[in-house]
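Every read-out reported here was derived from the displayed coordinates using simple, explicitly stated rules and does not represent laboratory data. Keep in mind that what you see is a predicted model, and the values were worked out from it rather than measured. Neighbour counts run over all protein chains shown; Cβ positions are idealised from the backbone, glycine included.
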Amino acid sequence: MSVVLWLFAAVVAANAVLLLALVLRFRSEVRATRDDQLHHIVELWHAHVSRESLESTTSAG
């Protein structure tokens, strides 16, 4: 009976480690996706500002 309990505890511990690994991987993927989206937004903003700046200099000149 004791061996069965040890095996059960080992399986539970292994599942906990796998679950933790999955959670950490998911969090890193979410963070990378969020960083990519933020970078894209910044690029769009810079393009918008550059276009407005170009339009204001061409209309003034």
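Annotations
- First in the range 36-50 and surrounded by fewer than 10 Cβ atoms within 10 Å (Cβ to Cβ), second anywhere and part of a helix (DSSP H, G or I), Cβ under 6 Å, 6 or more apart: none
- Going through (1) loosely packed, with under 10 Cβ neighbours inside 10 Å; (2) under 26 Å from the mean Cα position of the chain (by Cα) one by one, LEU5 falls short only on (2).
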